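Below: one structure, written as structure tokens.
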Amino acid sequence: MTTIEFEDVHHHFGERVVLRGIDLSLTEHRVGIIGGNGSGKSTLARMINGLHLPERGRVLVDGEDTRKRAAAIRRRVGFVFTDPDHQIVMPTVAEDIGFSLRRAKMSKAERAARVAEVLAQFDLAGHADHPCHLLSGGQKQLLALAAVLVTEPDILVADEPTTLLDLRNARRFAEILRRLPQQVVVVTHSLELVADFDRVLVIDDGKVAADDAPAPAIEFYRKLIG
Ligand SMILES: Nc1ncnc2c1ncn2[C@@H]1O[C@H](COP(=O)(O)OP(=O)(O)OP(=O)(O)O)[C@@H](O)[C@H]1O
Ligand SMILES: [Mg+2]
């Protein structure tokens, strides 16, 4: 398994202090991050692949500093944004998945087979030639997840990946995460999604307020919001 480390990470946007002294060593398979709106979860998640660099302190992925090795780390860490429109780039569903594989060394036939496999896995098999902009919100979210997972990143970081998914697809996604061999970090407001994760962090006002197994962490969060 990979290791993600935060060493005394502080960050602020303008006057607003967003992260206050985060120290973490994440080695578990599935790590969930929960907490209130504006508590700093997305900022923290974006630091794992160098989308934000810490003002103070360091973030390390397998010992490599995001400040010094940003490009290499970004290739290893797949990031799924909350808004799928931010990452869908090609006109059709199959083309979008194929675009993710543009650097993969495989034949045209292998690529087509891989695209078909991933579309089936994400319940999009019937939409291969569909224009992406005509997909429903949930289908776009599935496409964005598929387009990142098809590249088989070493680590998957997903920021609210199930907000638009129906119950069936949310469960399907949870099952995909369970089976993924890679380390997964998921920011979510779905307490159900993280219920069987290996570790759950509760972020409050830029700090790790709880760091525990899912049940006690969720209980802490419930009490925190009163
Ligand atoms: N690029 C930015 N510029 C200025 N302020 C920002 C920026 N990104 C985030 N913030 C501020 O930082 C704080 C933390 O934001 P963040 O997106 O990390 O919260 P969050 O925990 O992910 O919340 P949510 O659950 O609503 O997604 C918020 O007060 C937000 O307004
Ligand atoms: Mg957020």
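The values are calculated or read from the model by the stated rules, or taken from the named source; none is laboratory data. Values in this document were obtained by computation on a predicted structure and should not be read as measured data. Neighbour counts are summed over all protein chains in view; Cβ atoms, including those assigned to glycine, are modelled from backbone coordinates with ideal geometry. Ligands, DNA and RNA are stripped out before the accessible areas are found, and what is left, the full protein with its side chains, is counted by its heavy atoms. Shrake-Rupley method; radii C 1.70, N 1.55, O 1.52, S 1.80 Å.
Looking only at residues in segment 32-47 that are of a type in the set (A, V, I, L, M, F, W, C) and in contact with a helix residue (DSSP H, G or I) (Cβ under 8 Å, 6 or more places away or on another chain), the one that is nearest to ligand 2 (Cβ to nearest atom) is Ile33.
Hey, does segment 173-183 have a residue that's more than 20 Å from Val93 (Cα to Cα), within 16 Å of ligand 1 (Cβ to nearest atom), surrounded by fewer than 20 Cβ atoms within 10 Å (Cβ to Cβ) and more than 12 Å from the chain's Cα centre (by Cα)?
No, segment 173-183 contains no residue that is more than 20 Å from Val93 (Cα to Cα), within 16 Å of ligand 1 (Cβ to nearest atom), surrounded by fewer than 20 Cβ atoms within 10 Å (Cβ to Cβ) and more than 12 Å from the chain's Cα centre (by Cα).
Evaluation of Asp23 against the conditions (1) open to solvent by 70 Å² or more (accessible area, probe 1.4 Å); (2) part of a loop (DSSP other than H, G, I, E, B) shows that the sole unmet condition is (2).
Go through the residues of segment 60-77 one by one and say whether even a single one is over 30 Å from His11 (Cα atoms) and hydrophobic (A, V, I, L, M, F, W, C). No, every residue in segment 60-77 fails to be over 30 Å from His11 (Cα atoms) and hydrophobic (A, V, I, L, M, F, W, C).
For segment 16-31, filtered to residues that are hydrophobic (A, V, I, L, M, F, W, C) and more than 21 Å from Asp212 (Cα to Cα), the residue that is nearest to ligand 2 (Cβ to nearest atom) is Val18. Here is the figure for segment 197-221: residues that are free of Cβ contacts under 8 Å to residues at least 60 places away in the same chain and either in contact with a helix residue (DSSP H, G or I) (Cβ under 8 Å, 6 or more places away or on another chain) or of a type in the set (S, T, N, Q) (or both) total 2.
Residues are listed down the side, and each one gets a yes or a no for (1) modelled with pLDDT of 95 or more; (2) among the aliphatic types (A, V, I, L, M); (3) touching an Asp or Glu at 6+ places or on another chain (Cβ under 7 Å); (4) more than 23 Å from Ser190 (Cβ to Cβ):
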| position | (1), (2), (3), (4) |
| --- | --- |
| Asp8 | yes, no, yes, yes |
| Gly14 | no, no, no, yes |
| Val17 | yes, yes, no, yes |
| Arg20 | yes, no, no, yes |
| Met47 | yes, yes, no, no |
| Leu60 | yes, yes, yes, yes |
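In this structure, is Arg75 closer than 30 Å to Leu60 by Cα, in a helix (DSSP H, G or I) and not β-branched (Val, Ile, Thr)? So Arg75 passes the test. From the list Arg30, Arg74, Arg46, Arg16, the one residue that fits, being within 14 Å of ligand 1 (Cβ to nearest atom) and under 17 Å from the mean Cα position of the chain (by Cα), is Arg46. Considering segment 96-137, and only residues there that are assigned to a helix (DSSP H, G or I) and of a type in the set (Asp, Glu), the residue that is least open to solvent (accessible area, probe 1.4 Å) turns out to be Asp96. If only residues of segment 188-226 that are within 20 Å of Asp159 (Cβ to Cβ) and of a type in the set (Lys, Arg) are counted, the one that is most open to solvent (accessible area, probe 1.4 Å) is Lys207.
Tallying residues that are more than 15 Å from ligand 2 (Cβ to nearest atom) and within 16 Å of the chain's Cα centre (by Cα) within segment 195-226 yields 4.
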